[in-house]
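Just below is one structure, and these are the notes that go with it.
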Amino acid sequence: MSTTQALQIHCKPLPGLMHFRGANMASILEKNDAADLQIFQYRKLSDDRFIANLGAEEIYFCVDAAESLELQANQYAFPRADATFELSGNWKALMSEVCIYDFRQSQPGDFLMVSIAGVSAWLLIPEADEPLILGCDPTFGHYFQEILMKQIEESPFL
Amino acid sequence: MMRRLSPQPLEWINRSQSVTFVFEGEEIKGFDGDVISSALWAQGHKVLGRSFKYHRRRGLLSFANHDINVMLQTADTPNVRGDVVQPEQGQTYKAVNTFGSLAQDKGALVEWISKFLPVGFYYKAFYSPKFLFPKWERLIREMAGLGTVDTSWGERRQPKRYRHCDVAVIGAGPSGMAAAIAAAKQGVDVCLIDENPYIGGSLDYQYANEEALEVTRDDLKTTIAEMDNIQVITSAFVAGFYGDNWLAVNSQQGLIKLSAQSVVVATGVFEQPAVFRNNDLPGVMNASAAQRLMARYAVAPCKEAVVLTANPEGYRAALDLIKNGVVVKAILDTGCGENSWSVPVKQAGIPVFENAAIIEAKGRKALQGVVYAVNGVQQSLDCDGLLMSVGWAPAGAPLYQAGSKFAYNAILEQLLPQELPQGVFACGRINGVFEIVDQIKDGQQAGMAAALAVQDKSVPDFTDYTATRAHSHSYPIWQHPKGKEFIDFDEDIQIKDLKGAIAQGFDNIELMKRFSTIGMGPSQGKHSNMNGIRLLAKLTGKSIDQTGSTTARPMFHPTEVSHLAGMRFRPERLTPMHAFHQQAKAKFMEAGVWLRPEYYATESSREASIAAEVAAVRNAVGLIDVSTLGKLEVFGRDSAELMDRLYTMRMSNMAVGASRYALMVDDSGVVIDDGVAVRYSDEHFYVTTTTSTSDSAYRMIQKKVIEWGLKVTVLNRTGQIGAMNLAGPNSRQLLSQLTDLDLSNEAFPYLAMRQAKVCGVDATFIRVGFVGELGYEIHVSAQDAEHVWQQIMLLGESFAIKPFGVEAQRQLRLEKGHIIVGQDTDGLTNPFEANMPWAVHFKKTYFLGKPSLVRLKTLQKRILVGFELLSAAADDMPLESNLIIDDGEMVGRVTSIGRSATLQKVIGLAMVELACSQVDSELTIKLSDGRMVSAKVVKTPFYDPQGLLQKPQESALGGAA
């Protein structure tokens, strides 16, 4: 179980991460076998990729480098260079020190957007025995990793 | 350990492990688990501290952190509460507030002049003669401190945590434990919080010797231990109760911000001391203090005791004394002692005096006897311990802070909660429930109700378990002609002090508190407020409810600043090129949350380095990282309409592929942001903001999109895009080798935007001239930015390229007279004052701030002007914000200033009154040291006024590109 492992954080690059905005986002979900994906949920795809439904006009999607992007009218795609990390061990204990969110409410498969140590971040809530994937604006990446590592090393609660 | 008892059934000490520490120079031995006070008392010490004002000897009173008789300090920690803090092995402790030592305290001389120091004396004295006031102030400061602050302490921070539960139960006494179990049985998550290291509360000290309750105790504790959905947090107190049921739980490791859907307050009651002459003598203590001393630490409170009681609990305490071999010489019952515990007391042959009144405690350094009266007949007894059991006050801070109201119950002679906010419940003794069986039932129904409230189920009616007899004396105050009856032990407040305050008109509870300082000491009235209210009610002829109570604000107990501070979360942003900047010897500066290169330390000094960077831009080519600019994508059907409404200049008529200066004002017409807007397509714009306003501008625009009901999307891409500005006469030649884009003036004119590849990656190019040279802003994805930067720098070596920092850019733009929003503007500056009327397009139907600007245009009183310093002396250099003076009056201030390496003179911008703004007007600038220097208003730009260098002819570029 992840909760018995020592807390560890390391970089987890997610190449091809794109932010899609605009009309008919359902078509992108459908094309990737995720038509049934509920809002603020994500689904794992092959090669560590994922697709997340953020609403009728917004999705996050790690595109396959081998596939070409075909956008419909009024659809916009913006590459994201987010700093992304994998957090293993009792990540909920660490989150309780840096994030106000009540993780009792979250379920595996949830895509969360929260503030962690003062930085807006997104989280892919994993199954119980899997590590947490989280990402933030790339310009905060250095601070984000440093503060989480410091917390892991210094907190008397962990 | 002369007062240590044989092992007690529930003691907290570990007799196999001793602890040694030093107190007032004497080595003290205790056991692991002892608190400082219990170890001292066990070793025979009775004088554990000195009082605040009169330096009277003090011993144990509440032994529960409800008083500060035992306030200590170590070399680096002040305000150590001896009653609840365990001694550190080898630590040295000293009583606070002594002059000399605890035994020989010169401060005690104050008591000799106490009649000249009535309450509030310091409000009325020391005003004259005036010249003596500083001396009095110094003396009072020296006398009034509690402990010494070592200002050389290092920074300490304790982590904070968030915690969430369905039901929080504050207090793990019998009713709290029962509440936690009842709630947990409903399937909800429960947090059970107690300030003691072990759960049990009064069940474990007041009823420690009640064999009939052993099974009950075991059942409660075992059940709690076995239930996975009960989290027990001990050695932690709820310091504050905030909105939406957020509790500040102060644990030893740090502060826990606990969110609960329902809260059960089972905090119990504070025992209140009786008020009589010399009630502060060491040896006089609350009965519950004596019970804690015996049950938790196996220490006898005394050898020969007298118990003053007004309730059954006093008899229970007497039985505990008897069991532990203390001689109980008498029970002084203020009423008639009929209760279940009085029977065994009387059977033990203990004299019980009914309708007794306490008159005086006798003794010089500690208690030696008591004088009392029974039916008017005065008598006395020798004793070294007097236990007071005369009543209780609710530990109601969490309920008060939650918004509850209390009312006085005349049967119980106690304040009880009356109206509880939704989701807040109370149980146990705070509810006036005193029988243990009833406390458990009361806890069960509160816990059940709290859980049902979480589950949105209806809460059944409550059964009233409130006691039917008084457990508090209605007025446990016995005045003595010679005084020294203490109500507030923290502040040495006596009956006469409160009477004096009331007589002077401070007869409202809040006024009396502030004038007399009752309840304002470190224990915040826990042992004194109720008696103060009773006295005030009696003297003013009001009821307790009419008299009211003071406000119970957080923190419940003092809370370390290190706990409040928590870990420091100070987000910091680095641009994609940060690693390069470090390698290139950048000296960084903070720009909001960003770290930016101020300059690159490539020369012998800061000034030389900056000058070299400026020279590179003017004469060759420079590259600056501008990734910190805010970057917003604006797209959708109404994007042009939104841009028109947001910015003062018309944006909807921009051609695709064009850029335009974008100035934003707020509703009042004040300049709040500027940047560059480009048009990618009919329905897609891209706009930059200043470094510090990207988030606020984005939030404001989002709000406006909703308010205006526009079909448009705004995306903050600040961190996702890296940006750099390549500027200087060689910039085109250099860039042309990295892109296929046609950079000719014809194909890519000044202020145009183009999208093409650079160094093999997609980029947006904007031809801008912020620094006054031929220049290109290059925007690429953040992940490509470092690569592009490196390639430009590599290839740029043959063009004499230099990276330049913020300071060089400031000088360069100053030479062009370009403003920096927030530096050359302030919180009131409008575009006309900023000398930018050209940026306001009044022909537009509407834009944000237009109505204000229409009026402001005719009301202008000041304007931003350029100036040259007339003095050449190096030490005559004004600073930004230095004032401009005319005829003794302030007429403006310097907003930007710098020594122009290009122009070889000091130039600047200043916001001045219109009367001083004419070209060639002389300005007098007041330096920080008071000297005056002269400057002259000049036209801007200072450099290349025709703008030829940022828009050079092809011929001037040597045929490049």
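The values are calculated or read from the model by the stated rules, or taken from the named source; none is laboratory data. Because the structure is predicted, anything quoted here is derived from the model rather than measured. When we count neighbours, we look across all protein chains shown, and the Cβ atoms used for this are built from the backbone with ideal geometry, even at glycine. Surface areas here come from the heavy atoms of the whole protein model, side chains and all, with no ligands, DNA or RNA. Shrake-Rupley method; radii C 1.70, N 1.55, O 1.52, S 1.80 Å.
Before moving on, here are some points about what is shown:
- Within segment B:178-233, restricting attention to residues that are hydroxyl-bearing (S, T, Y) and in contact (Cβ under 8 Å) with a residue 24 or more places away in the chain, the residue that is most open to solvent (accessible area, probe 1.4 Å) is B:Y198.
- Among strands (runs of 3 or more DSSP E) entirely within segment B:566-663, having at least 3 residues that are farther than 27 Å from B:Y680 by Cβ and among the hydrophobic types (A, V, I, L, M, F, W, C) singles out B:586-591.
- Tabulated pairs, segment B:679-700, first touching a residue at least 24 places away in the same chain (Cβ under 8 Å), second open to solvent by 50 Å² or more (accessible area, probe 1.4 Å) and part of a strand (DSSP E or B), C-beta under 7 angstrom, 6+ apart or interchain: B:T693/B:I672
- Verdict on B:Y776 being within 13 Å of chain A (Cβ to nearest Cβ), of a type outside the set (K, R) and closer than 26 Å to B:L595 by Cα: no
- If the condition is being of a type in the set (G, A, S) and open to solvent by less than 10 Å² (accessible area, probe 1.4 Å), then segment B:623-656 contributes B:S627, B:G630, B:S639.
- All told, B:S604 falls short of being under 19 Å from B:V771 (Cβ atoms), more than 12 Å from chain A (Cβ to nearest Cβ) and small (G, A, S).
- When the strands (runs of 3 or more DSSP E) confined to segment B:340-409 are screened for residues that are loosely packed, with under 14 Cβ neighbours inside 10 Å, those reaching at least 3 such residues are found at B:377-382.
- Test: residue in segment B:138-155 that is open to solvent by 60 Å² or more (accessible area, probe 1.4 Å), within 14 Å of chain A (Cβ to nearest Cβ) and closer than 30 Å to B:A75 by Cβ: yes
- Of all residues in segment A:14-66, those satisfying the criterion of being in contact (Cβ under 8 Å) with a residue 12 or more places away in the chain and of a type in the set (D, E, K, R) are A:R21, A:R43, A:D47, A:D48, A:R49, A:E57, A:E58, A:D64.
- In the set B:A872, B:A956, only one residue is surrounded by fewer than 20 Cβ atoms within 10 Å (Cβ to Cβ), in a loop (DSSP other than H, G, I, E, B) and at pLDDT below 95; that residue is B:A872.
- The requirement of being touching a strand residue (DSSP E or B) at 6+ places or on another chain (Cβ under 8 Å), within 14 Å of another protein chain (Cβ to nearest Cβ) and open to solvent by 20 Å² or more (accessible area, probe 1.4 Å) is fulfilled somewhere in segment B:261-276, by at least one residue.
- Residue check for B:P878: in contact with a strand residue (DSSP E or B) (Cβ under 8 Å, 6 or more places away or on another chain), assigned to a loop (DSSP other than H, G, I, E, B) and under 17 Å from B:V665 (Cβ atoms): no
- Scanning segment B:895-903 for any residue that is within 45 Å of the chain's Cα centre (by Cα), at pLDDT 95 or above, assigned to a strand (DSSP E or B) and closer than 26 Å to B:D666 by Cα turns up at least one such residue.
- Only strands (runs of 3 or more DSSP E) whose full extent lies in segment A:34-133 are considered here, and the ones with at least 3 residues that are surrounded by fewer than 19 Cβ atoms within 10 Å (Cβ to Cβ) and within 14 Å of another protein chain (Cβ to nearest Cβ) are A:75-79, A:111-116.
- Here B:R161 clears all of (1) within 14 Å of chain A (Cβ to nearest Cβ); (2) modelled with pLDDT of 95 or more; (3) under 26 Å from the mean Cα position of the chain (by Cα) except the condition numbered (2).
- All strands (runs of 3 or more DSSP E) inside segment B:725-791 with 1 or more residues being surrounded by fewer than 17 Cβ atoms within 10 Å (Cβ to Cβ): B:753-758, B:761-766
- The set of residues in segment B:510-534 being surrounded by 23 or more Cβ atoms within 10 Å (Cβ to Cβ) and hydrophobic (A, V, I, L, M, F, W, C) consists of B:M512, B:I518, B:M530, B:I533.
- Conditions (1) open to solvent by 30 Å² or more (accessible area, probe 1.4 Å); (2) more than 25 Å from B:V937 (Cβ to Cβ); (3) assigned to a loop (DSSP other than H, G, I, E, B); number of the one not met by B:D826: (2)
- Remark: B:S18 matches the filter, which requires a residue to be surrounded by fewer than 21 Cβ atoms within 10 Å (Cβ to Cβ) and either of a type in the set (S, T, Y) or within 35 Å of the chain's Cα centre (by Cα) (or both).
- Unique residue being open to solvent by 10 Å² or more (accessible area, probe 1.4 Å) and either part of a loop (DSSP other than H, G, I, E, B) or within 15 Å of B:H473 (Cβ to Cβ) (or both) when the list is B:G314, B:G325, B:G337: B:G325
- Residue in segment B:668-686 that is modelled with pLDDT of 95 or more, within 17 Å of B:A763 (Cα to Cα) and assigned to a loop (DSSP other than H, G, I, E, B) present: no
- Each residue in segment B:232-259 was checked for being under 19 Å from B:D194 (Cβ atoms) and either more than 21 Å from the chain's Cα centre (by Cα) or not in a strand (DSSP E or B) (or both), and 8 of them qualify.
- Scan of segment B:569-601 for residues that are facing another protein chain (nearest Cβ under 9 Å), open to solvent by 40 Å² or more (accessible area, probe 1.4 Å) and not hydrophobic (A, V, I, L, M, F, W, C), ordered by number: B:R570, B:E572
To keep it simple, each residue is scored yes or no on (1) small (G, A, S); (2) open to solvent by 20 Å² or more (accessible area, probe 1.4 Å); (3) modelled with pLDDT under 95; (4) over 37 Å from the mean Cα position of the chain (by Cα).
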residue	(1), (2), (3), (4)
B:D438	no, yes, no, yes
B:A470	yes, yes, no, yes
B:F486	no, no, no, no
B:L498	no, no, no, no
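- A:A26 vs. criteria open to solvent by 20 Å² or more (accessible area, probe 1.4 Å), assigned to a helix (DSSP H, G or I), among the hydrophobic types (A, V, I, L, M, F, W, C) and away from every other protein chain (no Cβ under 14 Å): yes
- Residue match in segment B:910-924 (condition: assigned to a loop (DSSP other than H, G, I, E, B), at pLDDT 95 or above and crowded, with 16+ Cβ neighbours inside 10 Å): yes
- Hits in segment B:410-436 (condition: modelled with pLDDT under 95 and either buried (at least 21 other Cβ atoms within 10 Å of the Cβ) or charged (D, E, K, R) (or both)): B:E419
- Checking each residue in segment B:40-68 for being farther than 21 Å from B:K29 by Cβ and open to solvent by 10 Å² or more (accessible area, probe 1.4 Å) picks out B:R50, B:F52, B:K53, B:R56, B:R57, B:A64, B:N65, B:H66, B:I68.
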